[in-house]
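A.B. asks: Sharing a structure, written as structure tokens. Questions coming.
The values are calculated or read from the model by the stated rules, or taken from the named source; none is laboratory data. Quick caveat: nothing in here was measured; it's all calculated off a predicted structure. Here the Cβ positions follow ideal geometry from the backbone for every residue, glycine too, while neighbour counts run over all protein chains shown.
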Amino acid sequence: MIIQSLRMAFESITANKIRSFLTMLGIIIGVIALVVLVSLVSSASDSVTAQVSTLGTDLLTAMVLDDKGYPLRLSELDQLATNPTIGQVAPLTQTVVTAKHGYTEEAATLYGTLPAYGEIYHWQMQRGRFLKTTDIDNSSYVAVLSLEAAEKFFGQSDPVNETIFLNGRGFKVVGVLEEDTSLMSVMTTSVKIYTPYTVLVRTSGMRGISNFIVTPANPKSMDEAEEALNAFLMRRFKEDENAFFVFNQSNLMSVVGTVTDMMSYLLGGIAAISLLVGGIGIMNIMLVSVTERTKEIGIRKAIGASKGSILLQFLIEALVVSLMGCTIGIALSFGLLQAATLVAGGLISFYLSFRIVLIAIGFAVAIGVLFGIYPAYKAADKHPIEALRYEG
Amino acid sequence: MNKAMIELHDVSKIYQVGGQEVRALDRACLSVREGEFVSIVGPSGSGKTTMMNIIGCLDVADSGDYILDGLSIDRYSDRELARIRNHKIGFVFQGFNLLSRLTAEANVELPLIYQRLGMSERRKLVAEALHRVDLYDRRKHKPQELSGGQQQRVAIARALVTKPSLLLADEPTGNLDSKTGAEIIELFHELHRSGNTILLITHNPDIAKTANRMVQIFDGKVYEEVVS
Ligand SMILES: Nc1ncnc2c1ncn2[C@@H]1O[C@H](COP(=O)(O)OP(=O)(O)OP(=O)(O)O)[C@@H](O)[C@H]1O
Ligand SMILES: [Mg+2]
């Protein structure tokens, strides 16, 4: 019976192609709105999340705002690192220097840090090595260059073991970092030079650490690590919580997540309303079609169609219209997202969210049933003789 | 004597048209036994089709009793009535009532679809019925591509295809030439001989006379039953 009803549904859909298409259009547009909008948000959110996660998600950034006359020293950070909930601690002190090699002379940002810093961010070396513990201990005048810095001062030639002059002092280049594609690189200058913290303190005369990052002993103990860090800073800065600032990067992720989820729900909700409007279109046309086909219904009932089979026939017809619209809508959405990816020029790749495709199909079925049942019931309930007499 | 299949007791059907009462059937009584061939005659507008619709379970009387197979019609559920229309009754309508979107073949197939028969079974029965009315070579035509007589024969094939035990035919030969008409009537007699019950409305007295019994309707009343 289902197969027969399907056949009848296709017959009546193809018998009136333009009308069927116009009916489907409401569903098609609704599905496109739903699938494309939600896919756009989820693709964009994935790409933002990926960008944010390059900042490091399982780490804490601490900033000292008021050192109360006692600058924070490296040995104190070493002590913090012995806390069992804390993994690694690395300071990042920065200053601007004039860097010179050959005839190239340019401003560069000089960072003083520890080997742990590179490990925390999983930095890859393009050549040479990153800072070593012995560099720190011996306060060696060594420098690690960002790829851009290396290209700026050394061009195509290999800078390793060459000397670069920073504020007139010679530093031996020991390594070049891989290109930095993280969000950080967008926010700061790209001509960066890294040197042991101890060397920076000595050459710049800067006192104390104002910026450092902390990782938890394991990713799950983030909260404990944050607590330990806060306790340490409170003790250190005379219980003044305004003297420092701790930022948990994983909070950033969850904020991004919340914002994009809200966007999805909002846009998805709006699109769902347009699908609903499409459903009303189906109901409208089905009601017209039931009236037009009154005679057909009468004939079918007269030769023995039960109420149930008439109901099924019209219900399936509504379902087929809505599912065909849904299929076309999903196919067009796929095309639109591909086009959007092309337009975005590789910045973001938009993909069809599988979850939303399932939701769209579910919606289409629900709408077909919801808006098909009333016209189908009206058809099934017709009196055979009155229906037979109907002249359309 | 076979038992009664159809019994109408004081059946009335009243239509209100523009404040005027039309008694399409007025306390009509009729009894048809299983295996009988009854012809119904009467002037136009006398209520023949109205009575046939009630007998065919398509319409209900405003008053009176219709007893089908020993059970009052209002004891049957909607579902059972659909089943009776589908399996037991073959109805040849006065106005053919073919589905214009479907081919002759598909029209004839329709009752079998509601019987949920398989494809091959349906094919076989449809071909058989179309051969019987001599329309097999026109099976792919749609109703508007057929002549009036051919449409009538499609309607007859559709009524016969389920091998119904009760055949209700409302002027089945109205659009046919006398030769084809005679062939169709001969087909009815053949069905009658094989045990089917037949009710035939006709304006042709010669055809009416070939039945076991002739019933006359006048102004909604069943007047006389002449046994041939
Ligand atoms: N739906 C209706 N509304 C109003 N009056 C109706 C309706 N159906 C039938 N009638 C009236 O009932 C009467 C009987 O109609 P019916 O169709 O039974 O006649 P008939 O004997 O079949 O005539 P014919 O030989 O012309 O087919 C007619 O007067 C007709 O006007
Ligand atoms: Mg009539």
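A.B. asks: Suppose the filter is in contact (Cβ under 8 Å) with a residue 12 or more places away in the chain, within 14 Å of ligand 2 (Cβ to nearest atom) and in the same structural domain as B:N196 (by TED's automatic domain parsing); does B:G56 pass it?
C.D. replies: On the way: in contact (Cβ under 8 Å) with a residue 12 or more places away in the chain: yes; within 14 Å of ligand 2 (Cβ to nearest atom): yes; in the same structural domain as B:N196 (by TED's automatic domain parsing): yes.
Spelling it out, B:G56 is indeed in contact (Cβ under 8 Å) with a residue 12 or more places away in the chain, within 14 Å of ligand 2 (Cβ to nearest atom) and in the same structural domain as B:N196 (by TED's automatic domain parsing).
A.B. asks: Would you point out which residue out of B:I207, B:I185 is away from ligand 1 (no atom under 16 Å from the Cβ) and either surrounded by 14 or more Cβ atoms within 10 Å (Cβ to Cβ) or away from every other protein chain (no Cβ under 14 Å) (or both)?
C.D. replies: Numbers: B:I207 fails: away from ligand 1 (no atom under 16 Å from the Cβ).
Result: B:I185 is the single residue among B:I207, B:I185 that is away from ligand 1 (no atom under 16 Å from the Cβ) and either surrounded by 14 or more Cβ atoms within 10 Å (Cβ to Cβ) or away from every other protein chain (no Cβ under 14 Å) (or both).
A.B. asks: Which members of the range B:60-81 meet the condition of being under 18 Å from B:L167 (Cβ atoms) and within 10 Å of another protein chain (Cβ to nearest Cβ)?
C.D. replies: Within the range B:60-81, just B:L81 meets the criteria.
A.B. asks: Within the range B:82-108, track down each residue that is more than 10 Å from chain A (Cβ to nearest Cβ) and in contact with a strand residue (DSSP E or B) (Cβ under 7 Å, 6 or more places away or on another chain).
C.D. replies: Those that are more than 10 Å from chain A (Cβ to nearest Cβ) and in contact with a strand residue (DSSP E or B) (Cβ under 7 Å, 6 or more places away or on another chain): B:V92, B:Q94.
A.B. asks: Do we have B:S120 as more than 16 Å from ligand 2 (Cβ to nearest atom) and within 26 Å of A:Q4 (Cα to Cα) here? Step through it out loud before you land on a result.
C.D. replies: Numbers: more than 16 Å from ligand 2 (Cβ to nearest atom): yes; within 26 Å of A:Q4 (Cα to Cα): yes.
So B:S120 passes the test.
A.B. asks: Another question, then. Can you confirm whether the range A:359-381 contains a residue that is in a loop (DSSP other than H, G, I, E, B), in contact with a helix residue (DSSP H, G or I) (Cβ under 9 Å, 6 or more places away or on another chain) and within 14 Å of chain B (Cβ to nearest Cβ)?
C.D. replies: Start the filter on the range A:359-381 by keeping residues that are in a loop (DSSP other than H, G, I, E, B), which leaves A:381.
Okay, now just the ones that are also in contact with a helix residue (DSSP H, G or I) (Cβ under 9 Å, 6 or more places away or on another chain), so A:381.
When the remaining residues are screened for being within 14 Å of chain B (Cβ to nearest Cβ), the result is A:381.
The answer is yes; a qualifying residue exists.
Yes/no matrix, rows are residues, columns are (1) over 21 Å from the mean Cα position of the chain (by Cα); (2) not in a helix (DSSP H, G or I):
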position	(1), (2)
B:G90	no, yes
B:L99	no, yes
B:E105	no, no
B:E109	no, no
B:L117	yes, yes
B:S120	yes, no
B:R123	yes, no
B:H131	no, no
B:D137	yes, no
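A.B. asks: Take the residues of the range B:37-53 that are part of a strand (DSSP E or B) and of a type in the set (A, V, I, L, M, F, W, C): which is nearest to ligand 2 (Cβ to nearest atom)? Give the derivation first.
C.D. replies: As a first pass, look at the range B:37-53 and keep what is part of a strand (DSSP E or B): B:37-41.
Within this subset, residues satisfying the condition of being of a type in the set (A, V, I, L, M, F, W, C) are B:37-38, B:40-41.
On the way: B:F37: 19, B:V38: 16, B:I40: 10, B:V41: 12 Å.
Only one residue tops the list, namely B:I40.
A.B. asks: Which ranges mark the strands (runs of 3 or more DSSP E) fully within the range A:98-167 that have 1 or more residues being aromatic (F, W, Y)? Break it down stepwise before answering.
C.D. replies: Numbers: elements: A:104-113, A:125-128, A:142-145, A:163-166.
Per the criteria, A:104-113, A:163-166.
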